[in-house]
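One structure below.
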Amino acid sequence: MVVVKSVHIDGERIHVFNSAIYILKSSLGFTLELDLIVSEVVVKKYKKEDNLIIEIELEDGRIIHSIMHVKSLPGGLPQLNLFCELDDLKEYADFKIVNENDAWFPNIEEGITLDEIRKVEMPIEPVNLKLNLPIDQVEWLKKQKKKDLNEIFKDLIYEYRNK
């Protein structure tokens, strides 16, 4: 079976938690498919793109350069599916060929948790809070820098949550 060693999207190496590369045979022809478990940050960055420049390094040393389409896959973990049409299958003779009607598709989520992914790359989301606080706390908060407030609240929430 062919194993992916690394993936670069538009020249940037991304952290891949698990992957599967295979050829999908459909009524329309053959496509090279690359399913990836990545961080939520990576999915958010690339899921709305139509085409990406992809470099795939395989464990056997081969490198595949291609412009691939991207889909965000539903599931419990953040996933991307990259794919491109293939005209010549000779280069891919050792790749698993999956028929669109087959029940077998690679389960790349097995053994990985969202907590493990977030230890590598934690998404940061903006949040707006409406609070009712004593005036002295409001005055103190207004004097603080946004960066400091982000750090204070992050630490307080982790501390409170871990009680």
### Summary
The percentage of the accessible area of segment 102-163 (probe 1.4 Å, all protein chains present) made up of carbon and sulfur atoms, to the nearest whole number, is 54 percent
### Task
Quickly estimate the mean residue ellipticity at 222 nm for the chain, helices only: each DSSP H run with n ≥ 4 gives -39500 (n - 2.57), and the total goes over all residues, rounded to 500.
-7000 deg cm²/dmol
### Summary
Given a 1.4 Å probe, the accessible area of segment 1-154 per residue, as a whole number of Å², is 69 Å²
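Over segment 1-77, what per residue volume does the convex hull of the Cα atoms give, in whole Å³?
Spelled out: Cα convex hull of segment 1-77, divided by residues, is 110 Å³.
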### Query
Around VAL4, what is the net charge, scoring Lys/Arg as +1 and Asp/Glu as -1 over all other residues with Cβ under 14 Å from its Cβ?
-3
### Query
For the chain, modelled as a Gaussian network with Cα springs under 10 Å, which listed residue fluctuates most, GLU100, GLU121, GLU151?
GLU151
### Task
Can you send over the carbon and sulfur percentage of the accessible area for segment 20-92, probe radius 1.4 Å, protein chains only?
50 percent
### Query
Using all Cα-Cα distances in the chain, what percent lands in each 5 angstrom bin from 0 up to the longest?
1, 7, 14, 17, 15, 11, 7, 6, 6, 5, 4, 3, 2, 1, 0
### Query
Which angle from 0 to 90°, rounded to the nearest 10, does the C-alpha axis of helix 146-161 make with the longest principal axis of the chain?
80 degrees
### Task
Filter the chymotrypsin sites (Phe, Trp or Tyr not before Pro) in segment 23-121 to those in DSSP coil with at most 13 other Cβ atoms within 10 Å of their Cβ, and list the result.
TRP104
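Which entries in the list LYS47/LYS145; LYS119/LYS142; LYS45/LYS154; LYS5/LYS48; LYS45/LYS130; LYS25/LYS119 go over 27 Å, if you measure between the two C-alpha atoms of each?
From LYS47/LYS145; LYS119/LYS142; LYS45/LYS154; LYS5/LYS48; LYS45/LYS130; LYS25/LYS119, over 27 Å: LYS47/LYS145; LYS119/LYS142; LYS45/LYS130; LYS25/LYS119.
The values are calculated or read from the model by the stated rules, or taken from the named source; none is laboratory data. Since we're looking at a predicted model, the values are computed, not measured. Note: ideal-geometry Cβ built from the backbone for every residue, glycine included; neighbour counts use all protein chains shown. Just so you know, the surface numbers come from the protein's heavy atoms only, side chains and all, with ligands and any DNA or RNA stripped out. Shrake-Rupley method; radii C 1.70, N 1.55, O 1.52, S 1.80 Å.
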